[in-house]
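Here's the structure, in structure tokens; my notes come after.
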Amino acid sequence: MARVYNWQLGREMSYWYPEARPKRQFAAVFDTNKCIACQTCTLACKTTWTSGKGQEYMLWNNVETKPYGSYPLAYDLKLLDMLNGQAWDGSKYEGQTIFESAPAGERVLGWRPEQQDYAYPNVGEDDCAGQVDDGKFLSLPHMNWFFYLARICNHCTYPACLASCPRGSIYKRPEDGIVLVDQSRCRGYQECVKGCPYKKVFFNPMTGTSEKCIACFPKIEQGIQPQCFVNCIGKIRLAGWISKPDEARADNPMDYLVHIKKVALPLFPQFGLEPNVYYIPPIHAPNSFNEQLFGPGAAEAVKTYRNAMNDRDLAGLLCMFGSTEMVVSRFRRQGDIVTASDDKGGEQVRIPMYEPVHIRPAMDTKNQLVRINCP
Ligand code: SF4
Ligand code: SF4
């Protein structure tokens, strides 16, 4: 085991290989407050990459309803139970990661789902925490709550799938940090399926090899965001490049949201993988639940997000989600206009923060008509 630095834990930790960060790291921010669970992302991925034989149950992208939804079944609860006693001291994680608590002779603490665990991807869908009794109605903050959690592979800095593979078939690309399975080396031992705490590697019984989300790397290589991003109806997603905290740049959307504003947080940082998909937590869920999922920064992130209307740069960047199919390297707000640009400064999109409002009179004398849909 090597000693590596995990900034999400605020400390060093043990990992199977020495620290080897890529030239730049693919990353994403998902705004949970905007997801409507339409599953367009799921289908966009499914029809692009996993429509073949042996891939029927594979959802490289899935959207689950929290608190009860999960795919495969209870993937998160099982590991949280196994991990036992995850303690934070401020922003420093004092508990053990899945690498540090691996049983003797194993590289990672994990478990392999049964076939049945993949059988009901919609269990828990739209189930809220608590019962809505007769006479109750929705108020703010919600008496009862649920939210949608869209999930893809996190292209982790310290991937458990990679650490678990006895064949060395899984690799992290040095040019963009995308984690891939080399199909020609894989022998189907499924150690990666057992090791990934997010259960984002799937075994294909037809080919006898494991497969996983590839972050649509042929698109990334062209500077275009993955399928699940560009097809997102709720415009909850933004892809980009994340730096280490001490190298964060204020004009880099990922750095700004994750390191500077700290409004987007990793999923289950306590597992120790330094995942690179970041979530803006749901503002109506209890903080204790948000903290379990997103770590100790959850309450502050919600506060920052709620204040976005008074923070013009943050509001401007949030407007940019879903506005371009290109991967955005830089952003800039000038007045009410936000621009996105690529690595070389070439403008990709220019968007207004506010749409003009046109109020039309109910009685249009010029055209001699009455607009019946006017309030
Ligand atoms: S989320 Fe799972 S499959 Fe993806 S890189 Fe991390 S450990 Fe590997
Ligand atoms: S397409 Fe977007 S809004 Fe629809 S379920 Fe997926 S992440 Fe949520």
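The values are calculated or read from the model by the stated rules, or taken from the named source; none is laboratory data. Remember, it's a predicted structure, so these values are computed and weren't measured experimentally. Cβ atoms come from the backbone with ideal geometry, glycine included; neighbour counts cover every protein chain shown. In case anyone asks, the SASA skips ligands and DNA or RNA and just uses the protein heavy atoms, side chains included. Shrake-Rupley method; radii C 1.70, N 1.55, O 1.52, S 1.80 Å.
Some observations on this one:
- In segment 1-10, residue most open to solvent (accessible area, probe 1.4 Å) [restricted to those that are among the aliphatic types (A, V, I, L, M) and outside any strand (DSSP E or B)]: M1
- Of the residues contained in segment 123-136, one or more are found to be within 16 Å of ligand 2 (Cβ to nearest atom) and surrounded by fewer than 14 Cβ atoms within 10 Å (Cβ to Cβ).
- Breaking point among (1) more than 11 Å from ligand 1 (Cβ to nearest atom); (2) touching a residue at least 12 places away in the same chain (Cβ under 8 Å), for Q222: (2)
- Some residue of segment 195-202 being open to solvent by 30 Å² or more (accessible area, probe 1.4 Å) and more than 16 Å from ligand 2 (Cβ to nearest atom): no
- Contacts under 7 angstrom Cβ, first residue in segment 245-274 being without any contact (Cβ under 8 Å) to a residue 60 or more places away in the chain, partner outside any loop (DSSP other than H, G, I, E, B) and open to solvent by 60 Å² or more (accessible area, probe 1.4 Å), 6 or more apart: A248/I260; A250/I260; K262/E300
- Residue count for segment 137-176, restricted to those that are open to solvent by 60 Å² or more (accessible area, probe 1.4 Å) and away from ligand 2 (no atom under 16 Å from the Cβ): 10
- Contact map, segment 10-35: residues that are without any contact (Cβ under 8 Å) to a residue 60 or more places away in the chain paired with residues that are basic (K, R), Cβ distance under 8 Å, separation 6+ or inter-chain. Pairs shown: E12/R3.
- Candidates are the residues of segment 112-159 that are of a type in the set (S, T, Y) and modelled with pLDDT of 85 or more; the one that is nearest to N276 (Cα to Cα) is T157.
- Residue in segment 108-120 that is of a type in the set (S, T, N, Q), over 20 Å from the mean Cα position of the chain (by Cα) and open to solvent by 40 Å² or more (accessible area, probe 1.4 Å) present: yes
- Every residue from segment 123-166 that is small (G, A, S) and assigned to a helix (DSSP H, G or I): A160, A163, S164
- Residues of segment 167-187 satisfying the condition of being assigned to a loop (DSSP other than H, G, I, E, B), in contact (Cβ under 8 Å) with a residue 12 or more places away in the chain and either away from ligand 1 (no atom under 12 Å from the Cβ) or within 23 Å of S14 (Cβ to Cβ) (or both): R167, G168, S169, P174, E175, D176, G177, D182, Q183, R185, C186, R187
- Candidates are the residues of segment 45-64 that are of a type in the set (A, V, I, L, M, F, W, C) and open to solvent by 10 Å² or more (accessible area, probe 1.4 Å); the one that is nearest to ligand 2 (Cβ to nearest atom) is V63.
- Conditions (1) open to solvent by less than 20 Å² (accessible area, probe 1.4 Å); (2) away from ligand 1 (no atom under 14 Å from the Cβ); (3) small (G, A, S): number failed by A28: (2)
For (1) farther than 26 Å from A44 by Cα; (2) open to solvent by 20 Å² or more (accessible area, probe 1.4 Å), each residue gets a yes or a no:
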| position | (1), (2) |
| --- | --- |
| K235 | no, yes |
| G240 | no, no |
| A250 | yes, yes |
| K261 | yes, yes |
| F268 | no, no |
| F271 | yes, no |
| E274 | yes, no |
